[in-house]
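Q: This is the structure I want to talk about, given as structure tokens.
The values are calculated or read from the model by the stated rules, or taken from the named source; none is laboratory data. Please read all numbers here as calculations on a predicted model, not as lab measurements. Positions of Cβ are generated from backbone atoms using ideal geometry, with glycine treated the same way; all protein chains shown enter the neighbour counts.
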């Protein structure tokens, strides 16, 4: 069928620089470039271009540029170009619009409206180059009180704790949604940097069991790849109820991404769609959740913290309270800007709430009920830099998850085509010709560099605030001030206005 839509991107080629080496032809997994042998010219199929910039990055003579099509629709605040194009696509296909990555709407990013306090004169700053700074974090249930014997030895029996050296972990990205080489990069970097990576709901490839001490294994509604050995392999077991990019609906890995290796790991037939149901069919109440939490504790001999992940929604505080009382050792909140390999566009763009508001509400509720110590809080959904991490800690988080930031470190250009399985950078694909584009050794080094950079910056931030330990910042909202926020927003965040 003839499409009524213009191409989203324009491919500009400098003919004087182009040497017709066909690198762009070979590198483009979306078939946007081709060689015309009739006149010995490289041409572009602009309708196929997704703006991933692989061709631009690899062009040896800098002959290429890709930019958005400047074609403009008649100005209309209601009927934007995106609204028009979405309707046109659905009129042509009759299907649900799918997308990858996270919400790209211009909803308020609260991190950018929060600033951190600094110490001056009365509370001297600390130089992290000359004084020790403590970033280590312990995840797990903490006791209400601690007893020691006459020799100073701990008498209180502690629930399982996991120490991470930096309060940043790699979030759930399942095998199949991302390539095996991405998983290898994440696992190696997490091991090198003393933090955790998450399998997602796709099981654990046999090559990765060696990284178990730095692995969070996830079980979701589809139970893909879940067995006793899998649960025993990880350091943390995470029960996924929902995720920020698609609250209230299940997962979908297209059959074309279910390769032979993915099939074996997920324990499903090769080439079949991996559809995880919207609900866990054994969880319809907090009491049901408690049964699963304690089933996981029994299955792992009470040696691992049990994490429960939900999407950030309007009643997340009440739900989190129930989760803690149901035995969850870690509460994970995934916000509106969380990413995914595939989701209906209408869900990603319109369902859920920003992580900043959900975090503040959950931390406040658990403190009011006197149970904040009984679970760690981990947040996800659009964490972009160390400043976001510090603000999340001050709002009440123990640690954060990153996924899109990690993929960008590996080369992702956020073209939002994860669901197609054609990722030109070898990230969100199982095509063996494409997955080779990620070298796990180089990937691990890039991810480790990212975490190392953030750890240096976090120490600088703490030092500027006159603090020498992350623990002094955690949940201390007096170190935050709001800019450009309404009174109600400040109230929910529990933050004062800048200048007050």
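Q: Can you tell which of 204, 208 is assigned to a loop (DSSP other than H, G, I, E, B) and in contact with a strand residue (DSSP E or B) (Cβ under 9 Å, 6 or more places away or on another chain)?
A: Checking each option against the conditions leaves just 204.
Q: Just one of the numbered conditions (1) assigned to a loop (DSSP other than H, G, I, E, B); (2) in the same structural domain as residue 265 (by TED's automatic domain parsing) is not true of residue 118; which one?
A: (2)
Q: Still on this model: Select from segment 146-200 the residues that are free of Cβ contacts under 8 Å to residues at least 12 places away in the same chain, within 26 Å of residue 377 (Cβ to Cβ) and in a strand (DSSP E or B) and list them in ascending order.
A: The one that is free of Cβ contacts under 8 Å to residues at least 12 places away in the same chain, within 26 Å of residue 377 (Cβ to Cβ) and in a strand (DSSP E or B): 154.
Q: Something else: Take residue 305 and decide whether it is in contact with a helix residue (DSSP H, G or I) (Cβ under 9 Å, 6 or more places away or on another chain) and closer than 27 Å to residue 355 by Cα. Don't jump to the end; show me each part of the working.
A: Working: in contact with a helix residue (DSSP H, G or I) (Cβ under 9 Å, 6 or more places away or on another chain): no; closer than 27 Å to residue 355 by Cα: yes.
So residue 305 fails the test.
Q: Checking residue 195 against (1) within 21 Å of residue 405 (Cβ to Cβ); (2) surrounded by fewer than 20 Cβ atoms within 10 Å (Cβ to Cβ), which single condition isn't satisfied?
A: Result: residue 195 fails condition (2) only.
Q: Hey, another quick one. All but one of (1) under 27 Å from residue 343 (Cα atoms); (2) out of contact with any strand residue (DSSP E or B) (no Cβ under 6 Å at 6 or more places or on another chain); (3) crowded, with 21+ Cβ neighbours inside 10 Å hold for residue 237; which doesn't?
A: Result: residue 237 fails condition (2) only.
Q: Return the residues of segment 201-218 that are crowded, with 24+ Cβ neighbours inside 10 Å and either touching a residue at least 40 places away in the same chain (Cβ under 8 Å) or over 17 Å from residue 169 (Cα atoms) (or both); say none if nothing qualifies.
A: Residues satisfying the conditions are 201, 202, 203, 204, 216, 218.
Q: So which residues in segment 432-448 are crowded, with 17+ Cβ neighbours inside 10 Å and either under 30 Å from residue 272 (Cβ atoms) or in contact with a strand residue (DSSP E or B) (Cβ under 8 Å, 6 or more places away or on another chain) (or both)?
A: 434, 435, 437, 438, 440, 443, 447
Q: Here is a further query. I'd like the full set of residues that are in a helix (DSSP H, G or I), within 22 Å of residue 461 (Cα to Cα) and in contact with a helix residue (DSSP H, G or I) (Cβ under 6 Å, 6 or more places away or on another chain), limited to segment 478-500.
A: Scanning segment 478-500 gives 479, 493.
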